Amino acid sequence: MKTLSLVIPAYDEEARLPALLETLATTAEAAVERAGLELLEAIVVDDGSGDGTREILAAAAASKLEPVLGRAENRGKGASIAEGVARAEGDYVLLADVDLSTPLEELHKLTAALAGGADVAVGSRAVAGAIVERSPAHRKLTGRAFGATVWMLTGLRVRDTQNGFKLLPAAAAKGLFSEQLCPGFAYDVELLMRAERAGMRIAEVPVLYVHDTRSRVRVGSASVRMLGEVARLSYRLR
């Protein structure tokens with residue numbers, strides 16, 4: 001059976017880490033197995049947290065949980081993901097967020113997309129069949145506007161670039177992230193642009209997404225910053 005490395009970035013996540021660790025200790029392996037893979041490791045990369053994140057991860061380290069600690073400064077979500085991917089030893093890499101807003105039980109939809117011929121499978125909140133729960137209306141509107149602007153700037157044919165739930169072969173992931181330019185939230189767009197430029201087939205798969213009300217991301221201001229990064233990225237890559 002092919003193996004999976006789960007890569008998750010964490011920054012000041014002491015409030016949400018216990019639920020993630022509980023999932024990893026109880027249901028994660030079964031969910032991954034139902035998707036046709038074996039969970040080899042869960043790599044959680046601390047991005048210079050100033051709260052108790054590092055202490056929680058260090059105390060919870062186990063055979064399948066590999067915390068990446070020691071970074072003094074906050075470099076960005078993309079930089080953390082890239083570091084985790086570089087360390088991954090599985091055949092496939094699943095990128096996910098610490099709150100598992102798209103549950104691991106949705107992984108089988110992404111593995112089915114790869115089995116059907118895709119090279120990269122992206123969990124989407126914006127295509128027919130997706131289920132989005134508890135997401136405020138303003139986040140939905142901002143997400144749609146962001147997606148439309150990304151399409152205009154880059155030509156990417158992916159409607160939801162920012163859901164963190166993405167599956168691809170580890171070898172491909174390592175190659176794509178080795179050239180990373182965007183260390184922040186725009187890393188998703190860069191990853192997909194690089195995949196498209198490399199001739200990889202991207203499948204956008206409808207998934208369940210449950211918004212975590214404890215999210216500290218301010219969508220409006222974050223979107224403005226990300227669009228600036230995307231504009232610069234599009235210029236440099238095209």
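Express as a percent, rounded to the nearest 5, the fraction of DSSP beta bridges in region 3-237 (both residues included) that run antiparallel.
Values: 6 of 30 bridges.
Given both bridge residues lie in region 3-237, the antiparallel proportion sits at roughly 20 percent.
With N set to the number of residues, divide the alpha-carbon radius of gyration of region 123-190 by 2.2 N^0.38 Å and report two decimals. Kindly include the intermediate steps, with their values, before the conclusion.
Details: Rg = 13.3 Å, N = 68, 2.2 N^0.38 = 10.9 Å.
Taking the Cα Rg and dividing by 2.2 N^0.38 Å, one obtains 1.22.
Under 24 Å between alpha carbons, and skipping anything fewer than 8 positions from K140 in its own chain: which lysines qualify?
The qualifying lysines are K77, K109, K166.
Using the basic label-point model (7 angstrom from Cα toward the beta carbon), what is the R225 to D91 distance in nanometres?
Result: 3.9 nm between the two label points.
Hey, which aspartates and glutamates would be in cross-link range of K64, C-alpha to C-alpha under 14 Å, not counting anything within fewer than 8 residues on its own chain?
Within the straight-line limit of under 14 Å, K64 reaches these aspartates and glutamates: E22, E29, E38, E41, E89.
With Cα extents along the principal axes in Å defined as stated, name the option among [x] 47, 37, 34; [y] 46, 42, 32; [z] 45, 40, 35 computed from the structure displayed.
[z]
Hey, can you grab everything whose amide H is under 5 Å from the amide H of S135? Only 5+ residues off in sequence or another chain; H modelled, so Pro and N-termini drop out.
H211
Which of L40, L94 comes first, and how do the rest follow, when ranked by fewest Cβ neighbours within 10 Å?
Fewest-to-most ranking of L40, L94: L40, L94.
What is the calculated FRET efficiency for R197 to A59, with r their C-beta to C-beta distance and R₀ = 35 Å, to the nearest 0.05?
Calculated transfer efficiency: 0.25.
Just to confirm a number: summing +1 for Lys and Arg and -1 for Asp and Glu over residues other than G147 whose beta-carbon lies under 12 angstrom from that of G147, what do you get? Spell out each step's value before the answer.
On the way: positive: R125, K140, R144, R157, R159; negative: D160, D188, E204.
Result for the local shell: +2.
Quick note: the coordinates plus some simple rules give every number you see, no bench work behind them. Everything numeric in this text was worked out from a predicted model, so none of it was measured. Don't worry about glycine lacking a Cβ; one is built from the backbone with ideal geometry, like all the others, and counts go over all protein chains shown.
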